[in-house]
1. Could you order the peptides 367-375, 149-157 from most to least packed, using the average number of other C-beta atoms within 10 Å per residue?
2. Could you tell me which of rounded, prolate or oblate describes region 152-316, using a ≥ b ≥ c as the square roots of the eigenvalues of the alpha-carbon gyration tensor, with rounded for a/c under 1.5 and, failing that, prolate when a/b is larger than b/c and oblate otherwise?
3. Sum up the lysine pairs in region 9-136 that clear both bars: alpha-carbon distance under 19 Å and a spacing of 8 or more or different chains.
4. What list of ³J(HN,Hα) couplings, whole Hz, do you get for region 112-117 from phi and the Karplus terms 6.51, -1.76, 1.60, once you set θ to phi - 60° and write x for glycine and proline?
5. Near I283, within a Cβ-to-Cβ distance under 10 Å, what is the net charge of the other residues, with Lys and Arg +1 and Asp and Glu -1?
6. Mind ordering 244-257, 261-274 by average Cβ neighbours within 10 Å, highest first?
7. For region 319-396, what does the accessible surface come to per residue with a 1.4 Å probe? Please give it in Å².
8. Sorted by packing (mean other beta-carbon atoms within 10 Å per residue), highest first, where do 451-461, 214-224, 383-393 land?
Amino acid sequence: MGLMESNFRILVADDEKGIRDLLSDLLKDYFDVDTVDRGDTVLDRLKKVGHEILILDLRLPGMSGLDVLKRIFEDKIKVAVVVITASNDVETAITSMKLGAYDYLVKPFDTDKLMVVLKNIVEKLELESELSRLREQLGEGFRFRNIIGKSPGMQKIFSTLEKVIDTDSTVLIIGESGTGKEIIAKAVHYNSNRKQYPFRSIDCSTIPRDLIGSELFGHEKGAFTGAISRKIGKFEIASRGTLFLDEIGNLSIDLQAKLLRVLQEKEFERIGGNELIKVNTRIVTASNRDLREMVRENSFREDLYYRLNVVPVYLPPLKDRHEDIPLFIDHFLDKYNGEFGREVNLDLKARLYLSNYSWPGNVRQLENVIKRLILLSTQRVVSLEDVTSVLEFEEIGMAARRAETAGPPPAPSGSLISEGVKTIEEMEREHLEKTLKHFNYNISITARALDISRKTMHNKLKKYNIVIRRTAAMEENAGAAVEGAGHQPDHRPQQAGRHST
Ligand SMILES: Nc1ncnc2c1ncn2[C@@H]1O[C@H](COP(=O)(O)OP(=O)(O)OP(=O)(O)O)[C@@H](O)[C@H]1O
Ligand SMILES: [Mg+2]
């Protein structure tokens with residue numbers, strides 16, 4: 001009859017023993033056959049075993065066949081269903097087709113007919129698995145495979161990018177801190193036909209403004225004091241590849257003009273040079289500030305804005321893509337369990353709590369929380385209390401975490417806490433430094449802002465070895481300094497803080 005032996009599993013659900021025996025006998029050479037005699041056991045069995053095919057009598061004790069079908073449909077169980085009905089019940093048979101049954105047979109049925117139906121199903125299943133194998137081989141549907149996002153917001157991004165990926169079009173990524181701007185920028189490059197050429201990035205918010213120009217365009221030897229040799233800029237290095245300009249809103253007005261010119265003319269001169277360098281660099285930019293607002297305020301060039309905003313990609317805050325949070329949780333559990341050789345998991349309450357949290361620091365914060373939970377947990381299963389305490393800890397350490405890029409703090413000796421996790425003291429020190437900087441190293445004001453006495457403040461400065469030496473500029477900035485005349489100013493931020501190790 002042409003049916004080859006297959007690896008597929010069939011479940012026969014019928015209350016009549018005669019039929020179960022008959023079908024088992026008939027099908028056992030071609031399939032793995034399993035039987036149940038009640039409707040209310042079908043779903044459990046399907047979920048447990050994962051049969052590919054179900055032969056379902058509609059009249060069953062416990063739960064009717066139609067209800068079983070409904071549940072299969074609702075629970076999105078992937079199984080091809082062949083329905084068997086009594087001869088007077090064709091209406092129901094049609095209803096069951098609407099509920100997603102593959103085919104139906106009327107009792108008493110001809111076994112040859114059943115075999116034809118099954119053969120069709122087997123062909124369909126084989127075709128499906130072949131297609132998915134092919135798709136995998138071709139890499140289709142896997143373009144953004146390392147990027148998580150089944151939420152509508154992310155799906156929209158994928159379909160936008162899919163359309164423009166192989167063009168030279170600029171892409172502007174807008175999103176709050178930690179929403180994944182950089183990972184999207186990289187995906188644009190590594191999924192495009194530029195992927196064999198370099199990807200480079202410049203974060204315009206961390207590089208000193210007067211250095212951004214030479215980072216971008218390079219310079220000739222002697223172009224300015226300190227330019228002791230020729231430097232090739234990232235625009236040139238990433239020619240034929242992609243240059244990612246992060247926090248583009250921080251670019252000075254004159255560099256905005258130069259960038260615009262390069263985008264229009266595809267050529268430029270290195271700083272201090274007169275050779276025209278031709279480039280074909282794709283530009284991807286990102287900003288967590290609203291550039292339109294900046295255009296309105298005249299701090300960002302309108303013409304440049306339109307040049308950059310050809311393909312806008314808006315990354316929603318994590319709290320607006322709830323569907324993705326469970327995926328992120330599992331993704332980061334996998335990642336850090338792997339990294340740390342652990343097998344930590346979260347219990348249900350902990351998961352629910354994380355799923356409903358507001359995530360002001362977005363994906364980056366979620367990633368940090370999972371990492372911390374794995375590092376800190378002594379048990380395999382993390383509970384709600386562990387989660388809330390890490391989140392509290394997180395909130396205290398917000399400021400400290402921002403400084404994390406400066407490298408992990410030294411782990412306190414004898415501590416069981418692995419490196420990468422900040423101690424309360426570490427965070428206090430960093431918070432202190434940050435606040436001091438904010439108040440221009442004015443000790444009185446800083447102490448008042450932190451709601452501690454000056455004495456306590458001085459003790460802490462001593463404890464953390466923070467030395468402040470005052471410069472003339474600071475004196476000026478501080479204006480009529482609040483510092484008492486008797487105080488001997490130690491000052492000037494001797495790189496306010498990190499003890500020289
Ligand atoms: N959709 C995603 N799938 C997988 N990982 C993600 C996703 N979005 C963000 N991440 C991870 O979250 C972290 C933060 O992402 P990324 O650095 O790209 O964000 P960002 O918007 O550039 O943040 P910031 O504004 O702080 O620079 C990274 O470790 C990144 O790998
Ligand atoms: Mg970033």
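The values are calculated or read from the model by the stated rules, or taken from the named source; none is laboratory data. Since this is a predicted model, take the numbers as computed values, not measurements. Heads up, the Cβs are rebuilt from the backbone with ideal geometry, glycines too, and the neighbour counts pull from every protein chain shown. Quick note on the areas: whole protein, heavy atoms, side chains included, nothing else; ligands and nucleic acids left out. Shrake-Rupley method; radii C 1.70, N 1.55, O 1.52, S 1.80 Å.
1. Details: 367-375: 21.1, 149-157: 16.6.
Listed from highest to lowest mean packing, they are 367-375, 149-157.
2. Note, shape of region 152-316 comes out prolate.
3. Taking region 9-136 as the scope, the lysine pair count is 19.
4. 4, 4, 4, 5, 5, 4
5. Details: positive: R282, R307; negative: D168.
Here the count lands on +1.
6. Values: 244-257: 18.9, 261-274: 15.1.
Packing order, densest peptide first, comes out as 244-257, 261-274.
7. Heavy-atom SASA per residue in region 319-396 reads 52 Å².
8. Answer by packing, highest mean first, reads 214-224, 383-393, 451-461.
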